[in-house]
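The values are calculated or read from the model by the stated rules, or taken from the named source; none is laboratory data. Predicted, not measured: the structure shown is a model, and the values here were computed from it. Cβ atoms come from the backbone with ideal geometry, glycine included; neighbour counts cover every protein chain shown. With ligands, DNA and RNA removed, areas are computed over all heavy atoms of the protein, side chains included. Shrake-Rupley method; radii C 1.70, N 1.55, O 1.52, S 1.80 Å.
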Amino acid sequence: MTQAQKTPTIILGGTGYVAGELLRLVLGHPQLQLSAILSDSQPGEPVAKSFLHLAPALQELKFSSLDDVKKLIATLPVCAILAAAPHGVSAALINGLLTTAEQAGTRLHIVDISADFRYRAAAAYEAVYKHPHGAPHRLAEFTCAVPEHLAQHTTRHIAHPGCFATATLLASVPLLQLGLIEPQLFVAGITGSTGSGRTPGAGTHHPQRHGDLYAYNALAHRHTPEITALAAAASGTSPDFRFVPHSGPFARGIHVTVQARTLKPINTHELLAALHAFYNKSPFVLVGPDLPHLKDVVASNYARISAAADGDTVAVMCVVDNLVKGAAGGAVQWLNRLLGFGETAGLTAPAPGWT
């Protein structure tokens, strides 16, 4: 495939960790052509200054301004956008780019990684994020789901669930959909410091976080309503999630443990068999008897799941890389589907291990 045959792809999100992972994945993708990366704060600056580890592949690429991106979109018959702008910023930004595309006759496909299009109603979003939605009239143009839980999408654009949501949904939805458990689920999740973003803060400062483990926002985390709504949509049930997140002393990765009471007795072998059958056609979800380790998935788009059961209680463990499967990789996985590519294109590299 020549460069001219690849789909032009624009990244929104500037210098953040997720934007860096999007860059890495798009640069190595066989069917996507990186056309621009937006940074309104650093237009014209070399991208390699922010992502030195990617410098050999970036060459002379510079950050584009919003005007530059709009002009580019207007010249293209088709264009893909991977959006990693902050919550509360993404909606208005995407709305403006969609308007530009509509006026120019450009066919856009967008995958948004922020929370701005994860809810079906603006009121539900505003209840969680405490500010008005930036483009409520666009909500119906987006579908939100973990790729493995929605066989057919009906919209041109996708909102990718959050990283905690991705891991929790992968562990929970089979239990609910198969009718194995009571609808109340207890979740303990541990995330790495990159989940807090690139701007330094108490949650990411290394001396504060190193060698420590602590819970935060117990039973009140803002991802809980998102997890509940997406689990309900994927399973056809009315689940009740009780979620306690934790900060872990590592940079990348998420480990969740989901526990629930069973509706009928089940043992570990039967539970693993049910999970394996559920994800049998999902190339990025690996189910097995060995309890999952972060090092087996970090820097990859794979999720590993294992489980245990003692008759009336189940525990399902899931690990993902928060920046890849939980964000950039899951977004590229969705983009592959939107563009008619193989779902695994550009995403099959295994975890490096020993990170």
SASA check, residue 264, accessible area w/ 1.4 Å probe, all protein chains in place, rounded to nearest 10 Å², comes out at 140
Restricting to Cα pairs under 8 Å and 6 or more apart, the percent relative contact order of the range 254-355 works out to 32
For semi-axes √(5λ) of the Cα gyration tensor in Å, with candidates (1) 33, 22, 20; (2) 34, 28, 19; (3) 30, 25, 19, the value calculated from the shown model is option (1)
Partner lysines whose C-alpha sits under 20 Å from that of residue 281, ignoring same-chain residues fewer than 8 away, are 325
Mean separation of Cα contacts under 8 Å (at least 6 apart) over the residue count of the range 1-120, i.e. the relative contact order in percent, is 26
Per-residue accessible area, 1.4 Å probe, largest first, puts 278, 243 in the order 278, 243
Taking the alpha-carbon centre of each part, the distance from the range 283-355 to the range 220-239 in Å is 20
Ignoring ligands and nucleic acids, residue 53 exposes an accessible area, probe 1.4 Å, in Å² to the nearest 10, of 130
To the nearest 20 debye, the chain has a Cα-centred charge dipole, built from +1 on Lys and Arg Cβ and -1 on Asp and Glu Cβ, of 320
Note, residue 101: beta-carbon cut-off 14 Å, +1 each Lys/Arg, -1 each Asp/Glu, net +3
The answer for chymotrypsin sites (Phe, Trp or Tyr not before Pro) in the range 125-219 that fall in a DSSP coil and have at most 15 neighbouring Cβ atoms within 10 Å is 216
Helix-only [θ] at 222 nm, the chain, -39500 (n - 2.57) per DSSP H run of 4+, per residue, nearest 500, equals -8500 deg cm²/dmol
Percent antiparallel among DSSP beta bridges confined to the range 182-313, nearest 5, equals 50
Length-normalised contact order of the range 139-283, Cα under 8 Å, at least 6 apart, in percent, tallies to 34
Counting only protein heavy atoms with a 1.4 Å probe and every protein chain in place, the carbon and sulfur fraction of the accessible surface of the chain in whole percent equals 55
Here the tail fraction of P(r) beyond 18 Å, over all Cα-Cα pairs of the range 18-109, rounds in percent to 46
Plugging the Cβ-Cβ distance of residue 264 and residue 219 into 1/(1 + (r/R0)^6) at R0 = 30 Å yields, to the nearest 0.05, a FRET efficiency of 0.60
So for R0 = 51 Å, FRET eff. of residue 127-residue 59 from the Cβ-Cβ r, to 0.05, ends up at 0.65
In whole angstrom, largest first, the equivalent ellipsoid semi-axes that the Cα gyration tensor gives for the range 144-199 are 23, 20, 7
Answer in debye to the nearest 20: the dipole magnitude of the range 1-75 about its Cα centre, from +1 Lys/Arg and -1 Asp/Glu charges placed on Cβ, is 160
Of the candidates 267, 293, 330, the farthest towards the positive dipole end of the range 241-346 (Lys/Arg Cβ +1, Asp/Glu Cβ -1, centred on the Cα centre) is 330
Between residue 237 and residue 89, Cβ-based FRET efficiency (R0 30 Å, step 0.05) works out to 0.35
Expected unfolding gain across residue 354-residue 103 under the 0.36 nm per residue rule, minus the alpha-carbon gap, is 85.4 nm
In the neighbourhood of residue 245 defined by beta carbon distances under 15 Å, the net charge of the other residues (Lys, Arg +1; Asp, Glu -1) is +1
Between the residues 109, 320, 74, the Cα farthest towards the positive end of the dipole of the chain, that dipole coming from +1 and -1 charges on the beta-carbon of Lys, Arg, Asp and Glu, is from 74
With the charge dipole of the range 171-253 built from beta-carbon charges (+1 for Lys and Arg, -1 for Asp and Glu) about the Cα centre, the Cα from 238, 172, 253 projecting farthest to the positive end belongs to 253
Computed for the range 222-326: size of charge dipole around the Cα centre, +1 on C-beta of each Lys and Arg, -1 on C-beta of each Asp and Glu, debye to nearest 20, value 220
